[in-house]
1. Can you give the direction-averaged projected area of the convex hull of the alpha-carbon atoms in the range B:601-660, in nm²?
2. Less than 26 Å apart at the alpha-carbon level, and either on another chain or at least 8 residues along: which lysines does that give for B:Lys658?
3. Nearest 500 deg cm²/dmol is fine: what mean residue ellipticity at 222 nm does chain B get from its DSSP H runs of n ≥ 4 alone, each adding -39,500 (n - 2.57), divided by its residue count?
4. Taking a cut-off of 27 Å between Cα atoms, list the lysines near B:Lys787, but don't count ones fewer than 8 places away on the same chain.
5. More than 51 Å apart: what percent of Cα pairs in chain B qualify?
6. In whole Å, what are the Cα extents of the protein assembly as shown along the three principal axes, biggest one first?
7. Between B:Thr856 and B:Tyr633, what length in nm is gained on full extension when 0.36 nm per residue of separation is reduced by their alpha carbon distance?
8. If you take every residue apart from B:Ser576 with its C-beta less than 11 Å away from the C-beta of B:Ser576, what net charge results, scoring Lys and Arg +1 and Asp and Glu -1?
Amino acid sequence: MKYTQLGEFEELVMLVIGNLGKKAYGVSIKNTIEEKTNRKPSIGALHSALHRLEKKGFIDSHEGGATAIRGGRRKRYYELSAYGKNVLQHAHDLRHNLFTQIPGLAFNRSSDE
Amino acid sequence: MSELNQKPPRWADRLLEWFCTDHYLEIIQGDLRELYQKRLKNMSRWRCNLLYIKDVLDIFRPFALKKITPVHQNNTIMLKNYFKVSMRNFVRNKSYALLNLGGLIIGMVSVIFITLYVQNEKSYDAHFAESEKIMRIRHDLFRPGGELIYSRASGLPALAGALREKLPGVEHATNFYQIRSSFRHDENAFIENNVLLADSTFFDVFAQPIIEGDKNKLGLPNTVIISESTAQRYFGKSRGIIGKNLVFTGSDTSYEVIAIMEDLPFNTHFEADILLSNYHTPTIFGRDTDHQTYFNSWGTTGWFTYIKTDLSLTEFNERLEIFTNEVNKAHKDQRSYGVFIAQPLSEIYLTSKFRDELNKTNGNASLVQFLSLLTILIMCVAWLNYINLTTARAVERAKEVGLRKVVGSDRRQIRLQFLMESMLYNIAALIVAVFLVWATWNMFTQFVDKPVLVNLFGNIQLWGILVTIILIGALAAGAYPAFVISNLKPTVIISGKFKSSSKGIFLRKALITTQFMIAIFLCIGTIASYSQLKFMLNQDKGFDMANLISIRYPVSNDPDTPAKFNKLVQELRQESTVTGVASSSGIPGILQLGGRFYTTDRIEESLPARRMFIDDHFFDVFDISIIEGRNFYINNVRDTINSVIINEQAAKSFGYEKPADAIHQTLLEGDRALQIIGVVNNYAQVSYQFEQPPIVFYFNPEGAARLSIKFDEGESAQILSMVKKKFEANFPDSPLQFIFVDEFYNRLFNNDQQFSKTATAFTFLAILVALLGLIGFVSYSVSQRNKEIGVRKVMGASVKQILLLIANDFFKVIVTAGILAMPLAYLVVAEWQQTYVLKQSLGFGIYIFPVIGIATMALLIVIGISFKTASRNPVHSLRYE
């Protein structure tokens, strides 16, 4: 299977979605990213990425949960699709492989000695 | 929580709603709201708003935008369908369609005719090569104190030469003087009215093409250039006559034809059949100088001066001022100084209106402007018509629209359909209009009374205007109905609950009111202009011009002429059908030359007045009343020496309080002492549009230029042939030149008459269009109220009551239109009347009458149409309830 390329930010978003489980939606994803990485993506950038991911089929969405704070508007919850999980795993493996082959980095100190 | 009530800026939300696609709108807005509330806990409201706006703007990315509907693949096929449906609708509702079409056709026909006419008027003098460089230089004469003595369209003999030499930037200059004389070649003799004394510089400025010969010799002694048609008249051909001779009967001199030029087209502000070398000017005018001296003098007027220059008008005027000052310095005259004014050639025909203009019908600019405005008004009325009728018909098309929408058409397509339909209407109207114009072409030329550029098809400007009209008509006028119809909601229509909205009805009433406002306004204007004209024509002119024929003194070298002339006069007096014969230097309507006079007690200040030389029958023949003193007596020797009669205006300007005071007073003219023996009323020597000039009448029974013959009622044809016979018997050399005084005088009002005629014609058209609109509107309204009328009848209303009900509605419309139109018309009419010296006090009648007239017509239409419905058995209308 040919896995499509995953952008860095997209990967980040997918990881956060994976972490948030059932509670992943626009604002929560944004907050988590801000907490964990000190990056502050705008809502527009975030939704743009979510749109791309959904189009590629990496994530699924369903609507739910209107609250008063949102003026009665519903949220869209996102979750990783099976395909998405595969892609994420593949990307992780790829990075790990290449990373471990780099001489002189923390993991491979032993090869120096 | 109070915080929940704080909302982000509404406009930012609206912006978001505008561009964001539905799929994301709700969730994104929700997210933004949530963020907003959370931020409010830590930041000021203001900052939160700012962030909100930033976020909204940030959302403006491709993924979030509303999709523009993709181009439908079946466009061309749909157009065919629209066309088919339009045709079917047309056929099904022939009467409405024709009404609509009729209005548009009338509008377009007016546009075409008016445009052609205006183009015609504006085309004057443009045919000369480099016409934009040509200017006429005219002059005004002032007294040292700054008081204006006169304004003239012409210049002075030395002006052309001086301009050429002293004003830098003047490429060429020429001048000419118009004379009338008779010419002869072998047996062909004619009196020519369009003879210009000129030289070859004429062609430097007016590059009129030469057919044969050499124009450069004009100006040498005994040279003449004639036009093609003139050549035809004298020589029977227009080629191969170079070198032949033409005899100028005035001085019995022979001139050699050195060239033939093309006829000047009708759209020129002057006419020139013969260009006579101006070398002989002093001789012709009876002056005892030579050519050189004459053309260096600043002593006479009547020399029309033209120049060709590359300078712009402002630049030229600057230099002209300097030039004027130089000339005035060099010719210091204590009694007057002159001012020269430049007139671009293109403006002369339309705007120049001085007393000595070469073309008496100059100055039509206001008519041209009026017509342009009129055409826009008529077209507007036609368009309003279209909008009205089409929106009213929206209900009929509602089912069709509803169904289309249900099947999947979107609003854009529906709009396109109706725009196409209106485009079809407009194009159809144009085709019929062009055909009508072509068919009634002759009637039009007759109406306008001059040749019109027949460039109906090659006329780029005209077609440009027509295409613009179609575009505006189809798109702008068609857009409103298209929008209205496309906005109909299919659910409402199909459920059968659809009815015309009240807003729609109001708009339609407003449109009809506007139409009638325009029609009433035009009606008032036309009546005003017509009555002003009639007023002027019927003014007591102080003289009687009916049954009066005036002939000119023969042009002949026969030394016996005066004697023969007197004999003719006596003969004419013997005729039974002739009631009176008078000889004079001029008649009412022809401007007389002026002189200056001094009254004995005002020696320093000379007063201008016109001079007329008359006999003792003059006042009688023209029925001018002598209000003080007496007429000339043929047997009174003193009368022939120094008696004069003056008119009321002269009496006033010479300083006599009452006309009676003038009697026996002495007037000084030059070194002649004249005694006033009588005063006549201020008869209209010049057109009634101007103030009458002061006139001094001298008794000169023999030196006449004109003979005026008064005859019995109804004898005009016989008189003419009799006079002609006698005249030609006595003066075979000189063909008879005659006019009927009443026709001649009335021609002075030509401009106003044309104005009135045209205004009437087009007002009629505007009213017609408005009435067409009314017919459509009424019949439609009535059919809408079918059920209402049915119910009323069941409840016991009589036919009359129903009619009154309907009529009342429209009555209000027309009254409103009238009330709105009247003040507007009043302002315009008052403004326009300022241009006339003599105003008729127009009573309120002219405002009320059109309203009543149009209201009556409209009412008749309304009643006529609703009668059928009103008298119908209610069973038929209510059957389907």
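A short reminder: the numbers here are calculations on the coordinates, not readings from a lab. Just so it is clear, the model here is predicted, and its values are computed rather than measured. Every residue, glycine as well, gets a Cβ built from its backbone with ideal geometry; the counts of neighbours run over all protein chains shown.
1. Details: hull surface 19.4 nm².
Dividing the Cα hull surface by four gives the mean projection, 4.9 nm².
2. Once the sequence-local lysines are set aside, what remains near B:Lys658 is B:Lys541, B:Lys839.
3. Numbers: 32 runs with 453 residues, N = 881.
Calculated at 222 nm, the ellipticity per residue is -16500 deg cm²/dmol.
4. B:Lys94, B:Lys399, B:Lys489, B:Lys497, B:Lys499, B:Lys503, B:Lys509, B:Lys800, B:Lys812, B:Lys868
5. Details: 159296 of 387640 pairs.
Roughly 41 percent, rounded to a whole number.
6. Here the Cα extents, ordered largest to smallest, are 148, 99, 63 Å.
7. Working: separation 223, 0.36 × 223 = 80.28 nm, distance 6.22 nm.
Between B:Thr856 and B:Tyr633, full extension yields 74.1 nm more.
8. Numbers: positive: B:Arg573; negative: B:Glu575, B:Asp712, B:Glu715.
Surrounding charge for B:Ser576 is -2.
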